[in-house]
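Read the structure below first, then the notes.
The values are calculated or read from the model by the stated rules, or taken from the named source; none is laboratory data. Keep in mind that this is a model prediction, so the values were computed, not measured. Neighbour counts are summed over all protein chains in view; Cβ atoms, including those assigned to glycine, are modelled from backbone coordinates with ideal geometry. Side chains included, ligands, DNA and RNA excluded: accessible areas come from the protein's heavy atoms. Shrake-Rupley method; radii C 1.70, N 1.55, O 1.52, S 1.80 Å.
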Amino acid sequence: MAIEAAHEAETGSVTGARFVGQRVARVEDARFLTGHGRFVDDIAVPGVLHAAFARSDVARGTITSIDTTVAQAMPGVAAVFVANDLNDLGHDYLPDGEAAHGRHRPFRVLAGGDVRCVGEPIVMVVADSRYLAEDAIDTIEIGIESSPPLLKRERALDSDAPIVHTGAPSNLYGEIPAEENPDLEAVLALAPVVLTETFHQHRYATVPMETRGIVARWEPGPDELTVWISTQGPHGVRSLMARMLGLKDTQVRVIMPDVGGAFGLKMNPRQEELAVVFATRLLGRPVKWIQDRRENLLCDDHAREDQATVTMATDDQGVLLGAKVDFLEGAGAFPAAFSSATVFSSRLFPGPYRFSAFSASAQTVHTNTSGRGSYRGPWMFETVAREQMMDCLAAKLGIDPLELRRRNVLGEADMPYAMAGGFVYDQMTAAETLEQAAEMIGYDEFREQQRAWRAEGRLVGIGIGLLVEPTAMAHAFMATDGAVVRIGPNGQADVFTSVASHGQSLETTIAQVVADELGLDVAQVRVVQGDTAATPFGPGTGGSRSAVVPSSAARIAAQEVRSHMIAIVAHVLEASPDDLEIVDGRVQVIGTPTRGMTIAEVAAKAYTEPASLPEGVPLGLEAQSRFTPGSFCTWANACHICVVEVDPATGAVEILRYVVSEDCGVMINPNVVEGQIAGGVVQGIGGVLYEHLPYDDAGNPLATTFVDYLLPTAAEVPEIEYGHIETHAPTNPGGHKGLGEGGAIAAPPAVINAVADALAPLGAQVRSQPLGPADVVALIEAASARTS
Amino acid sequence: MGEAVVRVIVNGESREATVEPRLTLADFLREECHLTGTHLGCEHGVCGACTVLVNGAAVRSCLMLAVQAEGTEITTIEGIANSDGTLSAVQQAFREAHGLQCGFCTPGFVISVTAFLRDHPEPSDQSIREALSGNLCRCTGYQGIINAVRLAAGTVGEDRTTGAIT
């Protein structure tokens with residue numbers, strides 16, 4: 001297909017590389033396919049104890065009694081801990097980069113005195129086996145006098161709302177206050193078209209197939225803590241554990257084994273993991289906790305749960321003149337990370353469109369529900385609300401949604417562009433991806449066909465989601481990544497990276513980058529990650545940074561090793577370094593390949609014949625590098641378009657086609673790029689059509705098994721079609737951009753807009769999610785009630 | 001709590017252990033046999049990560065007790081590769097089609113697909129999707145997995161659903 005050919009040509013011209021740009025099969029697969037992956041639950045530590053937790057089954061209330069006498073006497077039970085045993089042991093609970101937001105929100109490992117959401121851990125049992133620990137949990141009697149909980153974010157700031165955190169003046173967790181913007185007000189007063197709509201997004205969650213888990217071992221004597229944890233970054237865990245326990249970093253070693261997905265959930269350890277660390281410290285024995293699925297759905301970090309009121313103004317041709325947005329975000333009782341709405345969503349809202357008059361306000365509020373956590377594009381509601389609004393505007397103007405976007409979208413010709421949220425885009429191909437996706441799906445032909453289908457009564461619709469993805473954010477503790485590249489005496493390379501791959505395929509893609517620089521085969525490059533005793537400091541995976549930041553660190557270190565090899569061989573052969581090349585593991589004279597040395601020969605010399613090295617070249621073949629991108633964000637962009645059909649009788653939505661046009665810069669491995677897109681898209685589809693974490697009126701979560709919380713399966717997902725546009729990112733030497741989160745950001749609006757388009761002939765208005773069968777039937781019935 | 005003896009053949013090797021009757025087959029395989037390739041994703045029979053072959057049938061080992069497996073022959077992911085150690089056709093297809101990312105659900109998929117293709121050597125696209133619907137993956141969006149099954153079945157390029165809407 002032409003698009004594929006174009007990208008291959010471009011990849012070749014950009015890198016001239018052997019491995020970068022190729023669909024290299026993954027290094028990781030050999031162990032995962034044969035059952036030899038090593039996940040945290042697979043770590044065997046002699047003498048390990050197992051933890052389990054008794055949790056609140058009340059959303060808000062006062063703890064009146066805790067009876068653990070039976071549990072304490074049970075055989076195999078090593079310890080039973082309550083709040084007073086653990087909560088005061090810690091010194092500092094803030095993860096790297098987190099400021100002391102929400103000072104009224106207490107930090108506590110176990111709930112003491114009161115409970116603030118269902119699932120809050122109250123008692124921890126540590127026993128010889130998981131079976132015995134859970135037996136003991138079953139005997140614990142906890143009395144809780146319940147009081148009415150606050151469950152709805154919309155009610156959180158009412159004067160009579162229950163206060164989630166006792167002693168706080170209100171449930172406000174953070175805000176960007178609405179400010180007077182006279183320029184915008186003037187635009188809104190004079191614009192021929194002004195529309196205001198409110199959009200809602202429900203609560204859903206990351207749900208990695210591997211839940212959280214930890215094994216922690218405190219060794220009295222050396223006074224050292226070793227932690228194996230399912231995490232997105234071992235170095236941040238080490239910093240946090242050390243600060244919390246009042247230890248030096250050097251007393252703490254954190255090892256990230258294989259990790260079975262995270263999607264933001266495993267950015268930071270939560271109460272249970274910290275409780276395990278306290279327990280091993282108190283008991284002097286290793287302790288393990290593997291979260292079960294019920295715990296994961298009941299009370300681990302939840303996500304999304306947003307609303308936004310958007311006002312947009314255009315001229316009578318649909319050219320955007322200004323916009324105003326007000327976000328309200330549900331943060332739950334104990335959010336894992338600070339707010340998205342008040343930090344990022346409000347600034348990103350203008351997205352891929354050209355307009356300057358803009359203001360944003362946002363509030364994030366506590367409720368008696370599970371805390372909000374990061375999920376693949378935590379700020380993504382800006383895209384969902386904006387793209388829904390574009391379709392609402394198109395309907396009001398009587399302009400096709402594709403055409404309305406064409407009139408406002410930014411493209412390469414507009415760069416650089418100071419967008420209304422305060423960022424400067426140095427690169428943007430939103431217009432180009434819009435056109436590519438529209439062509440791939442046959443937009444105009446679809447519209448023609450749609451008229452015929454509508455005449456037959458079929459509800460078929462098309463939806464667009466246009467996305468600007470802020471990737472590789474280089475800020476504070478996420479500013480840099482490091483790498484050490486070492487060719488050993490036998491001529492193979494180790495790359496010690498600060499990043500922490502867990503599905504992102506970095507053991508392969510970083511090896512591709514390094515192999516190209518060193519002239520080695522991918523199979524001769526091994527990527528070592530995930531152990532604070534072996535790898536450079538870094539924030540781990542998160543924020544779609546890995547292709548940009550840690551890969552560049554590895555590339556630059558490899559370039560230095562390469563220059564050392566060239567210098568050594570030039571010295572030995574008495575040749576000019578400029579006349580040498582490295583081809584297939586040999587450093588040789590260009591045009592005279594017989595004159596040269598294998599990399600293994602160069603390496604042996606570098607380590608064992610120090611006197612034979614040229615002056616100024618370091619001994620050995622090793623270099624380290626630390627990299628920061630050229631700007632705060634490396635901007636990627638994509639356009640998703642899908643076609644759906646709605647069954648008017650059942651409300652079921654079927655996705656008939658799904659296309660993505662993506663610009664993630666120079667692709668290292670198209671398989672990995674497409675895999676990242678697909679995973680995100682299906683999470684976005686799941687979020688809109690299937691996944692939902694509802695609560696009943698008493699604050700009980702209603703979806704705590706996979707029978708209630710519906711993940712998409714292979715039977716529901718469409719075949720995703722990909723188009724690639726590759727523009728060389730200016731922020732890093734390889735020209736790469738991130739793309740890990742975009743799929744989950746742009747898929748929801750594409751699906752929502754397609755459903756809305758399908759239902760348009762009925763007069764249904766889609767302003768909220770989820771769009772499960774019952775929800776769609778309700779939309780159809782509401783429309784029918786309005787029109788009759 | 002009483003204990004019972006379990007005698008099984010796992011990946012061709014005889015195993016005998018005295019276990020509590022409540023011990024699941026999954027925990028037996030992971031803890032008694034140290035075969036940790038069988039993963040637990042939900043422990044309530046939905047996600048399929050713990051799928052193993054019991055007398056050739058794909059079974060969720062979190063829903064079966066070890067004592068119920070008495071006398072059976074079990075194959076786990078560690079026993080799926082060819083006898084010479086090379087990847088089986090299904091394993092190789094997953095690798096070639098980028099059918100895995102984090103790798104946690106992968107053992108269950110490989111086992112389920114191995115049983116499915118043995119019983120349905122020429123599957124339609126629809127039957128592939130239905131067969132896979134008993135296993136959950138959160139990373140791949142199933143694209144690479146579906147392609148891997150097509151590849152292993154030799155049906156690549158046939159019966160595809162993209163392009164036209166009917």
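Quick notes
- Remark on A:ASP114: its backbone amide H falls under 5 Å from those of A:ILE63, a criterion applied only to residues 5 or more positions apart or on other chains, H modelled at 1.01 Å from N.
- Carbon-plus-sulfur accessible fraction, the stretch A:27-149 (probe radius 1.4 Å, protein heavy atoms only): 50%.
- Per residue, the accessible area of the stretch B:89-153 comes to 28 Å², computed with a 1.4 Å probe over protein heavy atoms only.
- FRET E, pair B:GLU70, B:ARG118, Förster distance 25 Å, beta-carbon r, rounded to 0.05: 0.55
- Partner lysines for A:LYS288 [C-alpha distance under 21 Å; skip if fewer than 8 residues away on the same chain]: A:LYS266
- The amide H of A:VAL164, built 1.01 Å from its N in the peptide plane, has no neighbour under 5 Å, considering only residues 5 or more places off or on other chains.
- Judged by the gyration tensor of its Cα atoms, with axes a ≥ b ≥ c, the protein assembly as shown is rounded; a/c sits under the 1.5 cut.
- The stretch B:4-78, accessible surface, carbon-and-sulfur percent (1.4 angstrom probe): 46 percent
- The protection proxy used here, the mean number of other Cβ atoms lying within 10 Å of each residue, ranks peptides A:34-44, A:179-189, A:250-260 as follows, highest first: A:250-260, A:34-44, A:179-189.
- Dipole magnitude of the stretch A:289-350 about its Cα centre (Cβ charges: Lys, Arg +1; Asp, Glu -1), debye to nearest 20: 80 debye
- Vicinal HN-Hα couplings computed from phi for the stretch A:472-481 (Karplus, 6.51 cos²θ - 1.76 cosθ + 1.60; Hz; Gly/Pro x): 6, 4, 9, 8, 6, 6, 9, 5, 9, 9
- Here the calculated FRET efficiency for A:ASP708 and B:GLU3, from their Cβ-Cβ distance with R0 = 51 Å, stands at 0.90, rounded to the nearest 0.05.
- Computed magnitude of the charge dipole of the stretch A:470-560 (debye, nearest 20; Cβ of K, R +1, Cβ of D, E -1): 160 debye
- Protection proxy ranking of A:615-624, A:433-442, by the mean of other Cβ atoms within 10 Å over each peptide's residues and highest first, is A:433-442, A:615-624.
- Flagged links, alpha-carbon separation over 30 Å, of A:LYS152/A:LYS737; A:LYS152/A:LYS324; A:LYS248/A:LYS737: A:LYS152/A:LYS737; A:LYS248/A:LYS737
- Shielding value for B:131-138 is 6, the average number of Cβ atoms from other chains within 10 Å of each residue's Cβ.
- Stokes-Einstein D for the stretch A:563-722, Kirkwood Rh over Cα pairs, 4 °C, 1.567 mPa s (µm²/s): 59 µm²/s
- Other residues within the sphere of radius under 13 Å centred on the Cβ of A:ARG447, judged by their own Cβ, net out at -4 (K and R +1, D and E -1).
- Computed from protein heavy atoms with a 1.4 Å probe, the total accessible area buried between A and B is close to 4500 Å².
- Residues A:SER129 and A:GLU439, FRET efficiency given R0 of 56 Å [Cβ-Cβ distance, rounded to 0.05]: 0.40
- The residues of the stretch B:4-78 expose, per residue, 39 Å² of accessible area to a 1.4 Å probe.
- At least 40 Å² accessible surface lost relative to isolated chain, residues of the stretch A:29-45 (1.4 Å probe): A:ASP29, A:PHE32, A:LEU33, A:THR34, A:GLY35, A:PHE39, A:ASP42
- Annotation: per residue accessible area for chain A equals 34 Å², rounded to a whole number [probe 1.4 Å, protein chains only].
- Highest mean packing comes first when the peptides A:507-517, A:586-596 are listed by Cβ atoms within 10 Å, giving A:507-517, A:586-596.
- With K and R counted +1 and D and E -1, the other residues having a Cβ less than 15 Å from that of A:THR592 yield a net charge of -2.
- Between amide H atoms placed 1.01 Å from N, distances below 5 Å from B:VAL10 occur with B:ARG15, B:ILE74, all of them 5 or more places distant or on a separate chain.
- Simple label model, 7 Å out from Cα along Cβ direction - A:VAL528 to A:TYR607, nm: 1.2 nm
- Inter-chain neighbour count for A:666-678: the average number of beta-carbon atoms from partner chains within 10 Å of each residue's beta-carbon is 3.
- Of the solvent-accessible surface of the stretch B:89-153, computed with a 1.4 Å probe over protein heavy atoms with every protein chain present, carbon and sulfur atoms account for 49 percent.
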